[in-house]
2 protein chains.
Amino acid sequence: MATKDIAECRTKAAVLLRKARIPVTPSEIDAMEIADLGLGDIKHVGLEIIVYENNDRYCAKELVLLPRQTCPEHRHPRVNGRNLGKKETFRCRYGEVYLYVAGERTPNPRARVPRRYKSFLTVWHEIVLRPGDQYTLPPNALHWFQAGDKGAVVSEFSSTSTDEHDLYSDPRVRRVGG
Amino acid sequence: MATKDIAECRTKAAVLLRKARIPVTPSEIDAMEIADLGLGDIKHVGLEIIVYENNDRYCAKELVLLPRQTCPEHRHPRVNGRNLGKKETFRCRYGEVYLYVAGERTPNPRARVPRRYKSFLTVWHEIVLRPGDQYTLPPNALHWFQAGDKGAVVSEFSSTSTDEHDLYSDPRVRRVGG
């Protein structure tokens, strides 16, 4: 990703965190992961991540999604046969998030997805998260999500995170450890 | 605890959450635990807790401390021989928190503790947490904490919470499952 694009996403994510009134330190802003997931199209696909804590027992992150940014479909499989896969809770702090999981397809979903990504989105049961709303995904469940027009800030509480093991539906995605 | 005291703490905690700009739902306010820990002196000892999620893998709570309220000294021991004891991260969202852990005793600590509780506080190494600051405690570590004059809101990220197993230094404390 171009250095200029990384810097621009970092600045925009910092502005959203300020709007959400979530205090973060300057070093957390500097260390924020700007993840384009290897697609080189971060305006549409990607997210910005502050990892508060990730240890052998649990993980907590703040996820920032710029307006209409999408985290593409993926699941968290069993790792090293040791657990059932990452379990995670999304809690919306600011903005609006459209989360898609397995289940009955929602007619007229709120997410707007460019055609080139649509074929890799297979679950379309929509859950709308607004500030104070949350949703817990079982391990290994397929999911993807997009922010609304204002962008969004979402707290993620979960078991230990090993991003490099995540399985994405779109084979073009490249995810490295966060 | 008197119904009136519970209602008053709930209202004051809700005001602090609003000041902290942390969105919570009306049902979360209703379900908030008002914990006086059996001491019947919640102005000095106790806290208000919203449990966002507590499952077999991880736990996330919002802890509210009214001005100068203290969570008394305790530790999270190994439970059923299955793990090392609860591990937890405190992240300050609003106000100021004085956290005490084992280590060199801090001269002139910021916490103000009524004499009747002092003999049950054995660790006095002070860590000051302001908005955006966080601290992770190892399993089974003795700790206690007090809010500053404005009160405080602290996010707790942790392994599974089993409050009824917590061991308090003051034998008068009665902790039930949250």
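Points to keep in mind about this one:
- Distance between the stretch B:1-62 and the stretch B:102-178 - C-alpha centres, whole angstrom: 16
- Percent breakdown of C-alpha pair distances by 5 Å bin, ordered from the shortest bin, for chain A: 1, 8, 18, 23, 23, 17, 8, 2, 0
- For A:Asp30, the distances from its label point to the matching points in the remaining copies are 4.7 nm, ordered from shortest, with each point set 7 Å beyond Cα toward Cβ.
- Over the stretch B:99-172, Cα pairs under 8 Å with separation of 6+ residues give a relative contact order of 40 percent.
- Restricting the stretch B:46-106 to trypsin sites (Lys or Arg not before Pro) that sit in a DSSP loop and have at most 12 other Cβ atoms within 10 Å of their own Cβ leaves B:Arg82, B:Arg105.
- Cα centre as origin, Lys/Arg/Asp/Glu Cβ charges: the stretch B:41-81 dipole, Debye: 140
- Based on Cα contacts under 8 Å between residues 6+ apart, the stretch A:46-130 shows a relative contact order of 25 percent.
- Average beta-carbon neighbours from other chains, 10 Å sphere, peptide B:55-66: 4
- Label points for A:Arg78 are taken 7 Å from Cα along Cα→Cβ. From this copy to the others they lie 2.7 nm apart, shortest first.
- Label-point spacing at A:Thr136 relative to the other copies reads 2.2 nm, in ascending order, each point sitting 7 Å out from Cα along Cα→Cβ.
- In loop segments of the stretch A:89-161 as defined by DSSP, the GluC sites (Glu not before Pro) with at most 11 further C-beta atoms inside 10 Å of their C-beta are A:Glu104.
- Mean silhouette area of the stretch B:77-170, derived from the convex hull of its C-alpha atoms and averaged over all directions, reads 6.5 nm².
- About the centre of its Cα atoms, chain B shows a dipole size close to 420 debye [charges on the beta carbon of Lys, Arg (+1) and Asp, Glu (-1) only; nearest 20 debye].
- Remark: the stretch A:1-83 is approximated by an ellipsoid whose semi-axes, taken from the C-alpha gyration tensor as √(5λ), come to 23, 18, 11 Å, largest first.
- Averaged over A:158-169, number of beta-carbon atoms from partner chains that fall within 10 Å: 1
- Mean separation of Cα contacts under 8 Å, 6 or more apart, over the residue count of chain B: relative contact order %: 29
- Within straight-line cross-link reach of B:Lys43, lysines at Cα separation under 28 Å, skipping those fewer than 8 residues along the same chain: B:Lys4, B:Lys12, B:Lys19, B:Lys61, B:Lys86, B:Lys87, B:Lys118, B:Lys150
- Distance histogram for the protein assembly as shown (every C-alpha pair counted, 20 angstrom bins, percent rounded to whole numbers): 29, 55, 16, 0
- Of B:Asn80, B:Gly95, B:Asn108, farthest towards positive along the dipole that unit charges on Lys, Arg, Asp, Glu beta carbons give the stretch B:68-108: B:Asn80
- In this Cβ point-charge picture (+1 for Lys and Arg, -1 for Asp and Glu), the stretch A:113-178 has a dipole of about 360 debye about its Cα centre.
- A helix-only calculation puts chain B at -4500 deg cm²/dmol for mean residue ellipticity at 222 nm, using -39500 (n - 2.57) for each DSSP H run of at least four residues, averaged over all residues.
All of the numbers you see were taken from the coordinates with simple rules; none came from a lab. Worth saying up front: this structure is predicted, and the values here are computed from it rather than measured. FYI the Cβ positions are ideal-geometry reconstructions off the backbone, even for glycines, and counts take in every protein chain you see.
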